[in-house]
1. State all residues of region 188-237 that are basic (K, R) and farther than 22 Å from A315 by Cβ; if no residue qualifies, say none.
2. Looking only at region 38-58, decide whether some residue is within 19 Å of the chain's Cα centre (by Cα) and without any contact (Cβ under 8 Å) to a residue 12 or more places away in the chain.
3. Could you list all residues from region 42-92 that are among the hydroxyl-bearing types (S, T, Y) and crowded, with 23+ Cβ neighbours inside 10 Å?
4. Can you find a residue that is aromatic (F, W, Y) and modelled with pLDDT of 90 or more anywhere in region 44-55?
5. For D184, state whether it is part of a loop (DSSP other than H, G, I, E, B) and touching a residue at least 12 places away in the same chain (Cβ under 8 Å).
6. What about A166, is it closer than 30 Å to I130 by Cα, part of a loop (DSSP other than H, G, I, E, B) and within 21 Å of the chain's Cα centre (by Cα)?
7. With L104, L73, L112 as the choices, which residue is within 25 Å of T300 (Cβ to Cβ), more than 15 Å from the chain's Cα centre (by Cα) and assigned by TED's automatic domain parsing to the domain that holds G12?
8. Sort out which residues of region 12-27 are modelled with pLDDT under 90 and either within 16 Å of F136 (Cβ to Cβ) or not assigned by TED's automatic domain parsing to the domain that holds V146 (or both), and write them in order of number.
Amino acid sequence: MHLYLVLHIAAGTLAIVGGAGGAGDDLQGRLAAAGYTPAGMAEARYVLYLAEPQAGEADIDGAVRLSTEVGDLVRLLADRDDQQPATLWIITRSVREADSEEALPQSCLWGLARVIAAEQPDLWGGLVDIPGGDDFGACVAALSTVLPTAAKSILVLRNGEFLTPALVPVSGQPVREPLRCRPDAAYLITGGLGALGLLMADWLVDRGARRLVLVGRTALPPRHDWDSDNDTDVRQKIAAIRALEMRGVSVDVVALDVGSPGAVQVLLATRDRDGAPPIRGVIHAAGVTESKLLTETADTTFRRVMWPKIAGGQALQAASIGNRIVDSLQYVLIVGQNIAPRPQGVEVQALRTLIHARSGIQ
């Protein structure tokens, strides 16, 4: 990350949305002392959304709630008259370090921030990630200077300075050898029958894999009916599996909801009981594509998109630890459909945070 410099501009009216347990009131009062005039959301020049967890809320529920609240807020601000512009900012806590349970549901807003920047650039101010804790005192001075200057990016506030993401050239020697799969091991792909999953299957076979477990929610017909099935999509999947088998690959197709911890546990337990080869790698490619603008996205859509990635990632992690295969994994690879950014990318960012914070897999 690079240092982000801020020019001081006069304050204006400010509304704070969110903030559990009086956190929003606390920040509002501190920013009022810094020169911002409290105002209602309908007329405030600057609108600040404070992402806060709710006690006892599951990660997937928190991610859906926060994303839905921000989506509703964007829709309201986008409907404002051109003569009454607004600048929206989002505040998260400690997502960069992912060192708390609250970081995972908040991290989805990092993905959503990129969607807002693409779809609503005129009202987008930016996202600021502040350190964890309840006291805003150390952050108010820096926040008060950045709010009038739309960064249109993700900023990380640490030690009174703003950092911003930056692309830098990769240099130096590789830190590890290129991936080579073990022919005596199995490799699991969620979303394995989708276009992306089948592409990843070929990628693994090119690197030596000879045993694949393709997991998806929809089952294929029995093998003896493959030649008589007239569904074009099913026939394409069957053709892809046969092409893998022609390369000498053993393909096990399993129908289950990867977001269900019990279903994943049963899969691994069944493989252990049957003496199947151990799973040495996981590609989490399960996902749902929804081509909608953020202003058209409801909570049910967010949940449908997030469920495979977030709940699925947690289920895979829990099952891996419970079956003691983490130490033997060669890799965990997360694949997201970022080519369709509405609202994809939200759940992928949350999954990155999950892996960084909890898995212990390098």
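The values are calculated or read from the model by the stated rules, or taken from the named source; none is laboratory data. Computed from a predicted structure; not experimentally measured. When we count neighbours, we look across all protein chains shown, and the Cβ atoms used for this are built from the backbone with ideal geometry, even at glycine.
1. Correct list: R207, R210, R223, R235, K237.
2. Yes, because at least one residue in region 38-58 is within 19 Å of the chain's Cα centre (by Cα) and without any contact (Cβ under 8 Å) to a residue 12 or more places away in the chain.
3. Y49, S67, T92, listed by residue number.
4. Yes, there is a match, as at least one residue in region 44-55 is aromatic (F, W, Y) and modelled with pLDDT of 90 or more.
5. yes
6. The answer is yes for A166.
7. Every option except L73 fails the conditions.
8. Matches in region 12-27: G18, G19, A20, G21, G22, A23, G24, D25, D26, L27.
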